[in-house]
Amino acid sequence: MTKQMDDVDQVQNAACDYRCPLDFFELTKAPVDVGAVARRVIPRECGATVTLDGYAREWTKGRKTEHLVYEAYEPMALTEMQRLGSEAHKRFEIAHVGIVHRTGHLEIGDTSVVISVSAPHRQAAFEACEWLITQLKKTVPIWKKEVFADGEVWVEGDTTS
């Protein structure tokens, strides 16, 4: 049995206390591998994993976006993402949460955020994933600058995209 499988077995037999050992919350300047993030929250006791891949879109409110720039207040952002993960465990019947947010310069189509939630049943995973992205945009100190051919704008608290 591999070390990873031993860790999964320990998770199955332990109470989470709202922060499970397989939960993770990260900021990165590197491209995000969506599949790799999703696979990190798949223990054997779960029947579903829901993964959100948020990426840079080309058009915003009728304006063509050239690229995005994300900045974060890292210590506070990580603390708040952990708090949201704990809160998601309290609100939904889920097993694990993983959130990875990219910072820096992103081209159109680049992944900016991945949220993966595993649960014994899919409904809880879907609900938790949606709740997490909504709360992340409201409370985590990560700021997005949209750069257009004719200017740029910092976007705050946008929960519609």
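The values are calculated or read from the model by the stated rules, or taken from the named source; none is laboratory data. Since the model is a prediction, treat every value here as computed from it, not as a measurement. Every residue, glycine as well, gets a Cβ built from its backbone with ideal geometry; the counts of neighbours run over all protein chains shown.
The table that follows gives values for the structure above.
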item	result
Candidates Ile94, Ile133, Ile99 - the one that is in contact with a strand residue (DSSP E or B) (Cβ under 7 Å, 6 or more places away or on another chain), crowded, with 17+ Cβ neighbours inside 10 Å and without any contact (Cβ under 8 Å) to a residue 60 or more places away in the chain	Ile94
Checklist (1) in contact with a His (Cβ under 9 Å, 6 or more places away or on another chain); (2) hydrophobic (A, V, I, L, M, F, W, C); (3) closer than 23 Å to Thr28 by Cα applied to Ile133, failing item	(1)
Any hit, region 8-21, residues being at pLDDT 90 or above, over 14 Å from the mean Cα position of the chain (by Cα) and either in a strand (DSSP E or B) or surrounded by 13 or more Cβ atoms within 10 Å (Cβ to Cβ) (or both)	no
Positions within region 69-85 being in contact (Cβ under 8 Å) with a residue 60 or more places away in the chain, surrounded by 16 or more Cβ atoms within 10 Å (Cβ to Cβ) and of a type outside the set (A, V, I, L, M, F, W, C), in sequence order	Tyr70, Glu80, Gln82, Gly85
Qualifying residue in region 112-119 (condition: out of contact with any Ser or Thr (no Cβ under 7 Å at 6 or more places or on another chain), modelled with pLDDT of 95 or more and either closer than 21 Å to His67 by Cα or assigned to a loop (DSSP other than H, G, I, E, B) (or both))	yes
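Here's the yes/no breakdown for (1) aliphatic (A, V, I, L, M); (2) modelled with pLDDT under 95; (3) on the phi < 0 side of the Ramachandran plot:
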| position | (1), (2), (3) |
| --- | --- |
| Arg39 | no, yes, yes |
| Gly47 | no, yes, yes |
| Val50 | yes, no, yes |
| Thr60 | no, yes, yes |
| Arg63 | no, yes, yes |
| Glu71 | no, no, yes |
| Thr79 | no, no, yes |
| Gln82 | no, no, yes |
| Gly85 | no, no, yes |
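So that you can scan it fast, the table gives a plain yes or no per residue for (1) part of a strand (DSSP E or B); (2) hydroxyl-bearing (Ser, Thr, Tyr); (3) over 11 Å from Val117 (Cβ atoms):
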| site | (1), (2), (3) |
| --- | --- |
| Lys64 | yes, no, yes |
| Ala77 | no, no, yes |
| Gln82 | no, no, yes |
| Ile99 | yes, no, no |
